[in-house]
1. Can you pull out every residue in segment 106-136 that is surrounded by fewer than 16 Cβ atoms within 10 Å (Cβ to Cβ) and either of a type in the set (V, I, T) or more than 21 Å from G203 (Cβ to Cβ) (or both)?
2. Please indicate, with yes or no, whether at least one residue in segment 73-90 is under 12 Å from S149 (Cα atoms), surrounded by fewer than 19 Cβ atoms within 10 Å (Cβ to Cβ) and either of a type in the set (A, V, I, L, M, F, W, C) or not assigned by TED's automatic domain parsing to the domain that holds E191 (or both).
3. Identify the residue in segment 54-70 that is among the polar types (S, T, N, Q) and either outside any helix (DSSP H, G or I) or outside the structural domain of R118 (by TED's automatic domain parsing) (or both) and, among all such residues, is nearest to G126 (Cα to Cα).
4. For segment 129-149, what are the residues that are closer than 21 Å to L161 by Cα and touching a Phe, Trp or Tyr at 6+ places or on another chain (Cβ under 6 Å)?
5. Please work out which one of (1) in contact with a strand residue (DSSP E or B) (Cβ under 9 Å, 6 or more places away or on another chain); (2) assigned to a loop (DSSP other than H, G, I, E, B) is the condition G203 fails and give its number.
6. Only residues that are part of a strand (DSSP E or B) and more than 17 Å from Q159 (Cβ to Cβ): list them for segment 183-197, please.
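The values are calculated or read from the model by the stated rules, or taken from the named source; none is laboratory data. Remember, it's a predicted structure, so these values are computed and weren't measured experimentally. No Cβ is skipped: glycine too gets one built from the backbone with ideal geometry, and neighbour counts run over all protein chains shown.
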Amino acid sequence: MTFNSYSLNVNSKAISRVGLALAALGATLALGGCVNSSGGNPDSRISAEQATEPISGAPPQLAALRAQGNQLLGGGTDAFDQRLQALRGTPVVVNKWASWCGPCRFEFRRFPSLAEKRGGQIAFLGVNSNDSESAAKQFLSEIPLQYPSYTDPDLQIAQDLGGPPQAFPATAFYDRSGKLVFSHPGVYQHEQDLVADVSQYAGSG
């Protein structure tokens, strides 16, 4: 009787250990799926040196953006508006971000890939709002961009991008005439949605 009770106890513990191991394995697989689906492909990042590599055949206004790749530019709304004026004739995609914004990091790595594919036809700009310059530079050292971002510590530029200035991230689309035609407040959960909006609001192809 003692032997049977002991055997039952050992078997129960063994079953419990198997159950815990299976549960841990399931949790690990689920977590792995979440990381892969939300974080994007880290191998798609570019280096800081690649961020300023010239675009073959790009018009001067887009070549100038690439030359300032991964930089933080000052000047506020005046400098930002002057850049939009200089980009007349070219559709513009503006992404507002901040280093402290988790959803921005989620979405951010998709823009280098887009800029690499479309940077010869579409102007990409960043707006770093409500952030410190040191934190923003650290952020850009981790995920470099092929275009510059304008610093906007007081959300002044953000007010002109459509949608609530407090929404992070946010993406604004300007047509070839410089008119704001669409604003997407919040994160793009799926890359294909961002690509679709770029195609619709910043030119086809």
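1. If the condition is that a residue be surrounded by fewer than 16 Cβ atoms within 10 Å (Cβ to Cβ) and either of a type in the set (V, I, T) or more than 21 Å from G203 (Cβ to Cβ) (or both), then S132, E133, S134, A135 are the ones that fit.
2. If we filter segment 73-90 for residues that are under 12 Å from S149 (Cα atoms), which is where we start, we get 73-76, 79-80, 83.
Applying the additional criterion that residues be surrounded by fewer than 19 Cβ atoms within 10 Å (Cβ to Cβ) yields 73-76, 79.
Checking the rest, the ones that are also either of a type in the set (A, V, I, L, M, F, W, C) or not assigned by TED's automatic domain parsing to the domain that holds E191 (or both) come to 73, 79.
Yes, segment 73-90 contains at least one residue that is under 12 Å from S149 (Cα atoms), surrounded by fewer than 19 Cβ atoms within 10 Å (Cβ to Cβ) and either of a type in the set (A, V, I, L, M, F, W, C) or not assigned by TED's automatic domain parsing to the domain that holds E191 (or both).
3. We begin by selecting, within segment 54-70, every residue among the polar types (S, T, N, Q); these are 56, 61, 68, 70.
Narrowing further to those that are either outside any helix (DSSP H, G or I) or outside the structural domain of R118 (by TED's automatic domain parsing) (or both): 56, 68, 70.
Values: S56: 22, Q68: 12, N70: 9 Å.
Among those that are among the polar types (S, T, N, Q) and either outside any helix (DSSP H, G or I) or outside the structural domain of R118 (by TED's automatic domain parsing) (or both), it is N70.
4. The answer is Y147, and nothing else.
5. Looking at each condition in turn, G203 falls short on (1).
6. As a first pass, look at segment 183-197 and keep what is part of a strand (DSSP E or B): 183-185.
Those that are part of a strand (DSSP E or B) and more than 17 Å from Q159 (Cβ to Cβ): none in segment 183-197.
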